[in-house]
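Colleague: One structure is given below, represented as structure tokens, and several questions about it will come after.
The values are calculated or read from the model by the stated rules, or taken from the named source; none is laboratory data. Since this is a predicted model, take the numbers as computed values, not measurements. Glycine gets a Cβ as well: all are built from the backbone with ideal geometry, and neighbour counts include every protein chain shown.
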Amino acid sequence: SQKIEQNSEALNIQEGKTATLTCNYTNYSPAYLQWYRQDPGRGPVFLLLIRENEKEKRKERLKVTFDTTLKQSLFHITASQPADSATYLCALRGINAGNMLTFGGGTRLMVKP
Amino acid sequence: NAGVTQTPKFQVLKTGQSMTLQCAQDMNHNSMYWYRQDPGMGLRLIYYSASEGTTDKGEVPNGYNVSRLNKREFSLRLESAAPSQTSVYFCASSGIAGRSYNEQFFGPGTRLTVL
């Protein structure tokens with residue numbers, strides 16, 4: 001069966017360090033992968049999209065990598081700040097899935113000052 | 001632009017009661033979605049509408065019905081609420097004409113408790 005897995009344990013890091021979050025998938029032929037941020041009590045907000053033929057994407061302090069051989073995406077936040085504390089969700093769109101996304105369970109990031 | 005709006009924000013129902021969750025978007029998006037989010041389960045797709053006039057089941061459709069009233073509005077109905085439907089419900093929209101890759105825009109959510 002299709003699965004998208006993110007580390008369910010919270011990631012605690014010190015301000016200024018780089019946070020790295022992992023998204024692994026099985027039994028998918030992805031067209032692209034997206035990362036979302038979700039704050040408590042709010043809906044997810046889109047951050048970055050990476051296509052299946054792209055290796056890396058950057059946006060300001062954010063970097064996403066996509067390895068279709070390893071079936072894994074890594075999400076990096078450099079020079080992390082307490083304001084980056086949130087839950088981060090990855091989502092995959094399969095090749096024949098239209099505009100439908102399947103979401104991972106999310107990883108909570110806590111950045112300590 | 002308001003983006004995606006949802007009503008109500010909170011609701012408490014008794015088992016067996018019915019209710020409709022409302023969702024509207026003002027971004028001229030073609031596709032709309034209903035998700036539920038439970039602790040540790042992530043977002044699970046209930047129903048979606050790829051375009052006005054069409055609806056399809058997602059991963060967890062049992063106990064729900066939907067109506068795509070027009071391009072802007074997509075409602076979710078619980079005919080006979082059960083405690084297992086206690087969750088946070090999110091509506092989302094996506095699909096700008098001419099783009100192959102579309103992010104989803106989410107509403108603020110409805111927190112539903114079924115007693």
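Colleague: Between A:41, A:16, which is within 14 Å of chain B (Cβ to nearest Cβ) and either farther than 18 Å from residue B:102 by Cα or of a type in the set (D, E, K, R) (or both)?
Modeller: Values: A:16 fails: within 14 Å of chain B (Cβ to nearest Cβ).
The unique qualifying residue is A:41.
Colleague: Just need a number here: residues in the range A:12-30 that are part of a strand (DSSP E or B) and among the polar types (S, T, N, Q).
Modeller: 6
Colleague: Could I ask something else about it? Take the residues in the range B:4-36 that are at the interface with another protein chain (Cβ under 9 Å from one of its Cβ atoms) and touching a Phe, Trp or Tyr at 6+ places or on another chain (Cβ under 8 Å); name whichever of them is surrounded by the most Cβ atoms within 10 Å (Cβ to Cβ).
Modeller: It comes out as B:35.
Colleague: Can I ask one more? If you scan the range B:29-56, which residues turn out to be over 19 Å from residue B:19 (Cα atoms) and out of contact with any Lys or Arg (no Cβ under 9 Å at 6 or more places or on another chain)?
Modeller: Matches in the range B:29-56: B:31, B:39, B:40, B:41, B:42, B:50, B:56.
Colleague: Look at residue B:35 and say whether it is at pLDDT 95 or above and among the aromatic types (Phe, Trp, Tyr).
Modeller: Considered against the rule, which asks whether it is at pLDDT 95 or above and among the aromatic types (Phe, Trp, Tyr), residue B:35 comes out as yes.
Colleague: I've got another one for you. Based on what the data block shows, is residue B:12 more than 17 Å from residue A:46 (Cβ to Cβ) and modelled with pLDDT of 95 or more?
Modeller: Against the criterion (more than 17 Å from residue A:46 (Cβ to Cβ) and modelled with pLDDT of 95 or more), residue B:12 qualifies.
Colleague: For the range B:72-97: of the residues being among the β-branched types (Val, Ile, Thr) and within 18 Å of residue B:109 (Cα to Cα), which is nearest to the other protein chains (Cβ to nearest Cβ)? Break it down into steps so the answer makes sense when it comes.
Modeller: First pass over the range B:72-97, keeping only residues among the β-branched types (Val, Ile, Thr): B:86, B:88, B:96.
With within 18 Å of residue B:109 (Cα to Cα) added as a condition, the list becomes B:86, B:88.
On the way: B:86: 16, B:88: 9 Å.
Restricting to residues being among the β-branched types (Val, Ile, Thr) and within 18 Å of residue B:109 (Cα to Cα), the top hit is B:88.
Colleague: Those residues that are in a loop (DSSP other than H, G, I, E, B) and under 15 Å from residue B:9 (Cα atoms), I need them from the range B:66-115; list them, please.
Modeller: Of everything in the range B:66-115, those that are in a loop (DSSP other than H, G, I, E, B) and under 15 Å from residue B:9 (Cα atoms) turn out to be B:86, B:107, B:108, B:109.
Colleague: Taking the conditions exactly as written (assigned to a loop (DSSP other than H, G, I, E, B) and within 12 Å of the chain's Cα centre (by Cα)), does residue A:105 satisfy them or not?
Modeller: Working: assigned to a loop (DSSP other than H, G, I, E, B): yes; within 12 Å of the chain's Cα centre (by Cα): yes.
Spelling it out, residue A:105 is indeed assigned to a loop (DSSP other than H, G, I, E, B) and within 12 Å of the chain's Cα centre (by Cα).
Colleague: Every residue in the range A:86-103 that is over 28 Å from residue A:15 (Cα atoms) and among the β-branched types (Val, Ile, Thr), please.
Modeller: Those that are over 28 Å from residue A:15 (Cα atoms) and among the β-branched types (Val, Ile, Thr): A:95, A:102.
Colleague: Could you look through the range A:63-113, keep only residues that are of a type in the set (Val, Ile, Thr) and modelled with pLDDT under 95, and pick out the one that is farthest from residue B:35 (Cα to Cα)? It would help to see each step written out before you state the result.
Modeller: Here is the first cut: in the range A:63-113, the residues of a type in the set (Val, Ile, Thr) are A:64-65, A:68-69, A:77-78, A:87, A:95, A:102, A:107, A:111.
Keeping just the survivors that are modelled with pLDDT under 95 gives A:68-69, A:95, A:102.
Details: A:68: 27, A:69: 30, A:95: 21, A:102: 10 Å.
Here the residue is A:69.
Colleague: Go through the residues of the range A:92-103 one by one and say whether even a single one is away from every other protein chain (no Cβ under 12 Å), in contact with a Leu (Cβ under 8 Å, 6 or more places away or on another chain) and surrounded by fewer than 17 Cβ atoms within 10 Å (Cβ to Cβ).
Modeller: Checking the range A:92-103: not a single residue is away from every other protein chain (no Cβ under 12 Å), in contact with a Leu (Cβ under 8 Å, 6 or more places away or on another chain) and surrounded by fewer than 17 Cβ atoms within 10 Å (Cβ to Cβ).
Colleague: Which of (1) over 15 Å from the mean Cα position of the chain (by Cα); (2) under 24 Å from residue A:113 (Cβ atoms); (3) within 11 Å of chain B (Cβ to nearest Cβ); (4) in contact (Cβ under 8 Å) with a residue 60 or more places away in the chain does residue A:81 not meet, given it meets every other one?
Modeller: Tallying (1) over 15 Å from the mean Cα position of the chain (by Cα); (2) under 24 Å from residue A:113 (Cβ atoms); (3) within 11 Å of chain B (Cβ to nearest Cβ); (4) in contact (Cβ under 8 Å) with a residue 60 or more places away in the chain, residue A:81 fails exactly one: (3).
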